[in-house]
Every structure is written in C-alpha cells, then in structure tokens.
1. Please state the relative contact order of chain A as a whole percent: Cα pairs under 8 Å, 6+ residues apart?
2. Which distance in nm do the two modelled labels at B:R597 and B:D483 give, with both placed 7 Å along the Cα-to-Cβ direction?
3. Report, to two decimal places, the Cα Rg of region B:534-633 normalised by 2.2 N^0.38 Å (N = number of residues).
4. How big is the dipole moment of region A:567-630 about its Cα centre under a simple scheme where the beta carbon of each Lys and Arg is +1, that of each Asp and Glu is -1, and everything else is neutral? Debye, nearest 20, please.
5. Taking every pair of distinct Cα atoms and averaging 1/r, then inverting, what Kirkwood hydrodynamic radius in Å comes out for region A:264-336?
6. Taking 7 Å along the Cα-to-C-beta vector as the label spot, tell me the B:A468-B:D625 distance in nanometres, rounded to one decimal.
7. Relative contact order, percent, of region B:438-531 when contacts are C-alpha pairs under 8 Å separated by at least 6 residues?
8. How about region B:441-506: which trypsin sites (Lys or Arg not before Pro) there are in a DSSP loop, with at most 14 other Cβ atoms within 10 Å of their Cβ?
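Here, each number is a calculation from the coordinates, and none is a lab measurement. Worth saying up front: this structure is predicted, and the values here are computed from it rather than measured. Backbone-built Cβ (ideal geometry, glycine too); neighbour counts: all protein chains shown.
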Number of protein chains: 2
Amino acid sequence: MSRPAPRGVLLLTGAMLPLGAARADEGMWTFDAFPAAKMKAEYGWAPDQAWLDRARLSNVKLGGCSASFVSSSGLILTNHHCAADCLEDLSDKNNDLYANGFTARRRSEERMCPGLQSEVVTNIGDVTSQVKQAIGGAIGLAAVKARTGVIASIEKASCPDTATTRCQVVSLYGGGQYKLYTYRKYSDVRLVWAPEAAAQTFGGDPDNYNFPRYALDASFVRAYENGKPVVTPHHLNWTARDPKKGELIFVVGNPGSTERMLTQSQFSYQREVNLPIELAINSELRGRLIQAMANNPDRAREGEVTLFGIENNLKRTIGRTRALGDQAFSAMLAKSETELRAKSAGNAAIGNPWGEIERAVGALRGIDLERRFSRPSGELMNYALRLVRAAEERAKPNSERLPGYSDSALPLLEKQLLDARPVYPWLEQLRMEWSLLKAREYLGSDHAQSRLLLGKESPEGLSERLVAGTRLADAAVRKGLWDGGATAIAASSDPMIMYARAIDANDRRLQKIYDEQVDGPLTAARAKLADARFAAFGASTYPDATGSLRITYGKVGGWTDRGVTTDYRTRWAGAFDRATGARPFALAPAILASKARLNLDGTLDFTYASDTIGGNSGSPVIDRDGNIIGANFDRNLPGLRNDYAYDLTMARSIAVSTSAIEQALKVVYPAPELLAELHAK
Amino acid sequence: MSRPAPRGVLLLTGAMLPLGAARADEGMWTFDAFPAAKMKAEYGWAPDQAWLDRARLSNVKLGGCSASFVSSSGLILTNHHCAADCLEDLSDKNNDLYANGFTARRRSEERMCPGLQSEVVTNIGDVTSQVKQAIGGAIGLAAVKARTGVIASIEKASCPDTATTRCQVVSLYGGGQYKLYTYRKYSDVRLVWAPEAAAQTFGGDPDNYNFPRYALDASFVRAYENGKPVVTPHHLNWTARDPKKGELIFVVGNPGSTERMLTQSQFSYQREVNLPIELAINSELRGRLIQAMANNPDRAREGEVTLFGIENNLKRTIGRTRALGDQAFSAMLAKSETELRAKSAGNAAIGNPWGEIERAVGALRGIDLERRFSRPSGELMNYALRLVRAAEERAKPNSERLPGYSDSALPLLEKQLLDARPVYPWLEQLRMEWSLLKAREYLGSDHAQSRLLLGKESPEGLSERLVAGTRLADAAVRKGLWDGGATAIAASSDPMIMYARAIDANDRRLQKIYDEQVDGPLTAARAKLADARFAAFGASTYPDATGSLRITYGKVGGWTDRGVTTDYRTRWAGAFDRATGARPFALAPAILASKARLNLDGTLDFTYASDTIGGNSGSPVIDRDGNIIGANFDRNLPGLRNDYAYDLTMARSIAVSTSAIEQALKVVYPAPELLAELHAK
C-alpha cells in the first residue's frame, strides 16, 4: 500500500473552510432542512420527501452510536464497536463473547444488552420561539434556569407516554434554534450477531483513523418490545453489491459534536487549556491501562473495550491538537471569523457576540480546573454520584431540576443505573486513583477542592477504601437506593454513597458559577452569532453536530495527499497481506480459517467524501435507491479535522461494506437465518 | 500556607524579558565574562577575581548535576536526587540504601558510585577563531564535519593526559563563540551520606516545582583518586547559619539547557510539534510505570528513581507548554524578535538569520518523527547502540568521528558502559516496548522505519525476545565487546547487539540529513544571530545554558503572585504540619522519630531570585563571604518559564539550607565524623 510519509504534518487545502456558506457535499443537515435545491443543482437529483422519511424512520439512535433497521422484524445493523460494551458485559472468563463472537441461531438465543436503548425520530417540531420567549431578557444563571425549565416542561408535555416515547428539545446553532425531537423508543435491545473482536480490531490503534483499513466493524442487534421483536415496516433494503467509485451516497446518523462555530477566544482556550490537559492526562490513563492488562488475560478481556475508547478519544485529541497547532489552519479559522465580523458590522441587533464569548471564556478559564476535576472517575463512582443527585433532583418540580434529571430523561437514566452489568474492581481502582491523582496534580495539594476530594487520605488509599467497601456493583443495591430516594440516600452507609454526598454540593456550586458566568452568557452570545450567520449566509448553513439526527451526502472515492493517492476500497485479500500474526495485526482465527472460501477480491471497507464525526459510528451508508451498502465506522486522518472544518478534498469517511458483511455471514460466521431475514422481500 | 488558587494561569509581569540586554540579577554568566561592573553598579559590590576563582575551583560537575567541595578532603555536597541513581544502583531487596539512607562511619565504608565522575573547571580559553576558521565557508554537512573535526583535534591536543583531565570545546550563543574548558577529573566518586529517600521526596510530584517545600534534598559524596580521597584546598566554607531575607547570594553550577535565543519559527516548532508529542508519549510512559510499580514492592524500589526523572521532565514539559500557549508571553517573545530584527536591519554582515533558521526548522519538521523514533529506549538498548557505534567510530581517525566518540569523550563513555550497574528486565521491557509502540503510532505501521524497527514482530514480542536474550546486563560481557572492537561486534550473536547493528545505518543516515539540512544551517545562522545580539546589546548579554559552568546572583526572598505572597523560607515545623502519613506526604521515619530533638523553627528550604534551570541541581548557594548556605535543588512554578525567559519578579530558585543539613547530621541521621570534617578549619 502507498501511504504518505511521516504523518506529522497535514497540508492545508484550499477547499477547507469552517462553517460558513456550505459548499457541495459539506454539511451535517437536519431532516427538517435538507438542502434539496442545492443538491439538485449539484447532482441533478435530490431525494424526495418519501425517500427522506424512509431514511429517517429506518434510522436508529443506539446509545452514543448510530444504526439502521434492515429487516421488518426490528433487526438493526450497527458497528461491532457499538456493540462492544454489550458483548463485554455478556462475557466472562468461560464464555468470552467479545473475543469469540456471537451468533444467535434463533430468536430465543438473542441476548439483552444492559443499558442499551434504540430510538427512532418520528417527528421534528420547532419550539424556538417558545424557548426564547421563556428566556426573555434573563441573563446568566436565570437564563439557564429559564431555558432548562421550559425545555423540561415542553418535553414532558409533548411525550406523556414515557414508556414508548421520548421527547428531546435539541439546541441548534448553540442556542439559535430549538427543535423538539420525538422518538419512538425500544428499551429492550438484544444481541443477534457479532464477529470475533479481532475481526474488528485488526490493525488496532495504529490503523484507527487510517485507510487502507481491514476492519469488519459490524454487528446486528434487534429491537424488542413486550418480549417480541418490533415490527419495522420502515427499514433499509439490504444489498450486498460492492460500492461503485463516484456513486452518490448518503450517511444518516447522530454525529456527536463539532466545534465549527467556535470563536477565536474559544480556539485559544482549546489550544492553551483544554487540549494539553486532555492529552497529558488521558495519555497517562492509557499507559496505566495498557500496563495493568499486560500479561493478565482476565484484565485484558475486562479492560479491552475501555482501552479502545480511551485510545480512540486520544487519537482524536492528538488530531485536534495538530489542527489547531497548524498555523495555516488557524489562520484560515481566524480569517473566517474576521469575514463574519466584517459582514456583521453595523448590524445593531447582532452587536458584539465575539466579545461576550471572550468574556465567558475568561470566566471558564477561571473555573476550568475545578470543574474538570470535581468528581473522581469510574463506573461505581458514576453510579453513586447519579444516585445521590437523582434523589435530590427527583424531589423537585420537573421544571426546576438539573438537565439530565427531568421527567423526560429519567427513564433512560433509570435503565442505565439499574440494568445489571459487570464491574471490575481493578479497573475501578485504577480509574478512580488516576482521576484523584490528576485532580491533586492540577489543582495543587493545598487547593480547597483537593482537600475536599482527599481529606487526609491519599488518592490510592481513598480509592481502595471506597472500591473495596461499596456494594454499588450489585444492581439490587442500586435499585434499593433508587427506589428509596432521598431517605435511602441519606441513610446509606455505603462508603461510595457517603463520598458522593460529601462532594455533590461543591459540584453544584461549580455548576452554578458555570451557568451564571459561562453557559448563560454563551447561550445569549451564540444566539446572536447564529443570527449573524443567517444574515451573512442565509439558510445555506447547517448547525454544529449535537448528537441529533443528521443526513450528509457525497461520493464514493479515495483521496490524494501530497501526490499519494489512496484507493477508495480495500479487498479481503489485503487483510491477508497485511497480517503479521502478531496483535493487532493478527487476523481473527475464523477469518484465517475461511481464506479458501472467501471471494478475496470482494470489497471489505471503503471510503467516501462525507461530513461525519464521532457518533456517526454505525450510520448506514445509503445509495440513491435507498439501499444500504455499508456501515460507517471511521474517518481518515485528514478527517480528524472535521471537528473544526470539513475538507472536501481530503477528509473521507470509512465504512464496512454490506458485501463484506454478507461474505462474513455466509462463509466466516455462518448465519443462514440472518441472511434469509436480510434478503426477505 | 497561602497558595495561589488554580495554577493553570500565570500572570505575565512586565519584568519578564527574553534574552536581550540582561537586567539586574538576570543571567547565567560564564566565569570568563562575569559582569563585575554591572553588579557593582547594582549592589555596590562585586566579587574579585580571587573570590571567583575559589567559587569556580570549589565547584564540581557531577554527571548531569552540580555540586561543590566542602572540605579539604574531597568531600562533595550535592542534592539527594543527584545521588539517587547511585543509591539505587547500590541497593537491593535486602539492603535498600535508597529508601533507608546511608551513612559511612569511616572512609572504608564509602561506596563507589557506578558511572559517576566529578570534574572541576581549571581553565577556560577562547578557541572561537580556530573553530570558525576551520569551518570557513563550508555549509551543511561539510560545516558540521569541519566543526566536529576541529573540536576533536583541539580537545585531544589540549588534554594529552586523559586519565586526570578532560578537555571540552563548549559552543556558546549557538555557535557564536567556542570556548575550551579544561577539567581536572576524578573518576572515582564514592557515596558518603544520604538521608532516607522520603526525606527528599516528601511532597512528591505534587510539590515538585512548588514552594513552600519541605525536602531535605542533600547528600554527600567524595572524590577519590588512586584509592585515596582527593586533597581539595579549594573548597567552600561550611556555615550552618540560616539565610537572611534580602541577602545577596550566588549560585554556581552547570545549567543544562535554555532556549532564550530561539526564533519565532523555532517556537512554533516547539508549540506545534515537539511539546505535544513529548507531553503525550511521556505521560503514557509515566502511567505505565506507575501501574507497573503499584502493589509490587520490588518494582517500586527498582523503578522509583526512573519514575521521578520522567515526572520531573514531564512537569517541565507542561510548564513549557503553558508558557508557549500563553498569548501574552508569546507576544512578548515575538516583540523581542521584532526589536532585534529592527536593530539589525541594514547590517549586511548579519543578513537574515531568521529566514535561514526558518528553512532549517522546515527541514527539521520533515525528519522530526524519524529522528525522534529512530532507536528504542532502555539501558540495555543504549549499551548495545553505543557499543556498536563505538566499535565503528573508534576505528576512524579522531577528527572524523561522530561527536561523543572523540578521544576526549571516550574515557567517560567507557566508564559509563563498563561500570557494573543493576538492570531490571521488567523496566527494560516496559521502556523498549513503549518506545516501539510510540514509533509505530507516530510513524504509522507502513512507514519504512516502522518496518525496519519491527520487521514482522510486534513491539511487545520484539522487546521480550531482545530483553530475555541479551547478556549485556553483565558488565563483563560489555567489556568483552568494548575491548574486542569491530571484530567482536561483527561476530556477536547477542540479539540486542544484532538488533543495534541492524538499525544503526538508518540512524546514521538521519544524522547526516540532520547535519546537512538542520545543524549546519542552524550553526551558521545562529552565529549571525549572536553577532546581531552583540551588535545590539554589546557584551551585556549572556549565552543560553549549555551544561557548562555558570554563575548567577540575586537576593534571598519570596515572591508575590496575584496578591498572594509566599515567604522565602520553610521551617522544620512546617513539614510536620503538612504530613498526612500517606505518601508522598508521609515523613521519613527517622525525621518523624526526631521531632523532639529538632529545632523546629530552623530553616529547611528557602528561595531566592536567581536564574537557574535543570542541571543546576546541587549547585552551592554561596554568600558574599564565599560560605555555602544551601544546595540548590528546584525552581518555583513561575520559574518553569526559565527555559524561555527569566522573570525576576516571580521566578525563584529553591535550596535546602545548610542549617537543615546540619540539623539532619546532628539529630536525624547522626554523622559526627562528617560534621567534624565540615567544621574543620
């Protein structure tokens, strides 16, 4: 394979622009504002409303991932790495589903994934004026409270049936628009099929965010309701054909977060404060985890998915650091802001949101370390903190609660807290200890918050005492505390609960300062900034990613970087060429054993120009006819800049092809029932 | 204690300036250019030549540290952390000198420190014209070769007796001046006294680069020759008095490296390339080491000094990252360059060194990752690489060898390679594996250099094979390979030697590119830059630190940061107040047991305005009368910016007082013989 030489430096291409007037193929569009006219002008064709409706109703939000229905019986295709938590939760020493893969031969063998919920967007409404009216002239903390309150009320009123629906007010353009998303939800998601982990992790961290790539990053789950598979007339048609170079494709899913509307003062904060800290502390955590797992098969199994998450995040942080450290890229971002400011000059309604944001960022810098290190890490600590907080919040009226504890949010929170999942004490100890060490390091030993977090104990000793002493790993204990509410929490002598009680007030205090000095002012300023963009670019712009449903389109194809062209697809043969036998370049055993039966020329993974970000994992790649031809799972290295700007000429997204999945189902991990279901008309 | 709140942000004070016209108290002066007139103008007094000569001849270069003679029998005071390698080397499971401390009751109990050498500067001569003449009009690789060759020849000719002397041509002002330093060397250094490690590491990483501080960072070693203590008529007089606020002090030692002459393109390289990589990879190494040592007392003992080094370095990297991430600080550096360029405009002899440096930095960026990751880490790997390279270099004429392998450098190299020292296989494995993983991560799996380093092996497997298979931990094996030269190296089937042989050519290739495109052009450009500084500021400037002998002066005192004033000294009582009983805030057992006998009001550590950097560890703090009143061991947090600029108002250096050492010798770790020697007239 031909790869560019040292990848420390990325060239800046003229085609890269931050969020402004969106160009061809750029944009994470909402379904209620799809740029059909623009697309028609570019491609001579655009999907009609029926096409868009089917794409939307086939699409599944699956935890932090994306997915799609691919049969009429609730069958869902997503990435393997999106089902990794479930696979790990269902694994133990003697039955390692994560490592060995899983195939349900019949429905009764399908196994419920703890904490996982699937949701379909059934309606999108505009509540901008309602929310803005409620905020009115309020500023700071009052504005945040007003916003939180009206959102909780709208959500509750719009989705009275919380068993089957969820309502969510999505803030777009940083507060410029508020949209009400209604979801049909299915809280019972079961594992159907997954390959061996090595089929997905082949290439490991070195190949992550890289292409050529040879990952079978696919799995199937199924939505259930009342113990039965959900009937899903809206689903994508399965086609196992190879993608064609240059063909038009759509990617539908839930991109998590982009920062294309940031102002210069916010970029400075990223560059000077946030990214260096994230880089240092998460690199250290990575090292601790790698070392803890070395030569320890149990820990290696128990920690693998966590490590993947840390490394994936870290690679993104490194990519963002490089992007903002690149003078040409930074100059481009600065120029874009200068232009918007020039276009907005003299518009009294807009005023100076940049200055307001700069002040808010100044306040953020002042409390950054305290906020960042206000609570120790770990699953058990998370349980404790959420149980403690929920007990207090649930006693309040819906509209006065903290976000995340409103009536519309409680059912999923309850599920996440109470579903039984394994907890690994060594990993809890490691993460809690690490986070407390970092708190002390960055705040300083003599800081009041260090004293609050540690008392006279050491990070190591405190973590050991709490992890050894708590009973929160037991779902029944958590249920008792949830059901018992404030009384049970106040009476609890569980050391982790007692600790969470002791630090919660400080966390709330910081949140108030943040709301008053940062979030409130930012919301007001960003709404003006959104107006400035609308005034300058009209409706041709799209909002930053917020984890809500989006559609993006582009063409299947590779890219050229400094004279080196990378082809748009990999073949199965390439995986065998690349394998060394040593992890992470060791092929999954079943793939290795299937070589003779595989069509080695068939497509494994492929790339396309499309504007995605983390959260788009599992998104269906849909052709013009509405068929699914792949499951999006990654970006290439230039795509790591998608946080700040989308580079049409170089940024590519990566999918595993349905062709590859079909071969896997036929030859490697035979699942004839599943194949029959996929091909049923 | 009053400490500033979150220490993420440092204020920029007007008194901070990069290297230009040096102000009062700023400057790491060479002994042949002490600014006596300037000091006299500021203080009404300056040391005469006899004072300076005694300070110089009492001063000891001790590996990468500084130190001083404090008796007429070769007794040397340095930091505990400068003797830590020695203490660890002499420790084992059953006799942990590092943890428990060490006191030689008589000379015969003093124990030789492997690899350690002590050196005193006996002469400084100017060889600028000789070196510049040899370089002549050569550029690139030819210039580097000419420079290396003439330096090797000068050093060899000037120090024919390599058993007792060493000659070193020191390049100052990045090539603006070349000075010949002649050292009297003593290759036999023995451990005399050290407190428990916890007496020095109290406060650990959290308190490192912080003050108030409570570290007894002192130890004594002794220089020997022919099996006898060296007679040292030139030594500092011991005084155990407390330092006085505002009194004038001098710090003499070997500051390792500053970067105050960097140009904007070099700062960009630091900010965008070097610092983020260093931050990420060393944080990961730190995490691996912490985890490997957790709950493993043997490893905790064997790895502690290594971990301290990594954490110390990392804290410095974080400090540098913050400094260069600070917009006001960066603007100040940029302004300084703009001013020098303006002053130099129209001076044809100077030309445009900034542009030349920018081109060289461009070339550096192009090969940065390959150079950075050209060789795996670890003691055993270092042995192998140096043995392989030495075998080839020693066969060449002196003036044609790579730097570090000239006749003047060989004796110390030989000592470092052949002295017996313990090697810890787990640590070797960890470091080698980590470095290979990082090489693959940053270069990419498909890079030719990744393939050269790994072949088809994994970083884990390769490291395991080499560490398990090599016999280089045995000093006798190393001696065989050293004595056997090229023939022995070529015939060796030691896997580490075979590996080093296989990768050496690539390393040499990279060095050539570096010399041709980076070092050569930089040397030429920096010489012009030095001329520009001389023209603009006259002789009032001082060169960047280069690990060579310097003297700096200032006043004992604390500082005020955002309204919070920190006193200039700590007392023993403070250590007892600060102790929590949990590491790193657990007092050393002997100190704890001595509380009743200590003068708790006596000074432990103290601060003073003086321009120091890493390498100044162990430097004597000398009063006006030439008495030693402390051993410098650290800087405060604002002092972390000393790399780039010295801030007189806030940057402070930190010493352990002789008063504290005296109390320790009397009460905590009784050493009456040592006290008698220190107080002998």
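1. About 27 percent, as a whole number.
2. Each label point lies 7 Å from its Cα, and together they span 4.9 nm.
3. 1.43
4. Working: 7 positive and 7 negative charges, 72 e Å.
That gives a dipole near 340 debye.
5. Values: mean 1/r = 0.0727 Å⁻¹.
Hydrodynamic radius (Kirkwood, Cα pairs) of region A:264-336 is 13.8 Å.
6. Those two pseudo-labels are separated by 6.5 nm.
7. Once normalised by length, the contact order is 20 percent.
8. On the way: sites: B:R451, B:K456, B:R465, B:R471, B:R478, B:K479, B:R501; in loops: B:K456, B:R471.
Answer by residue number: B:K456.
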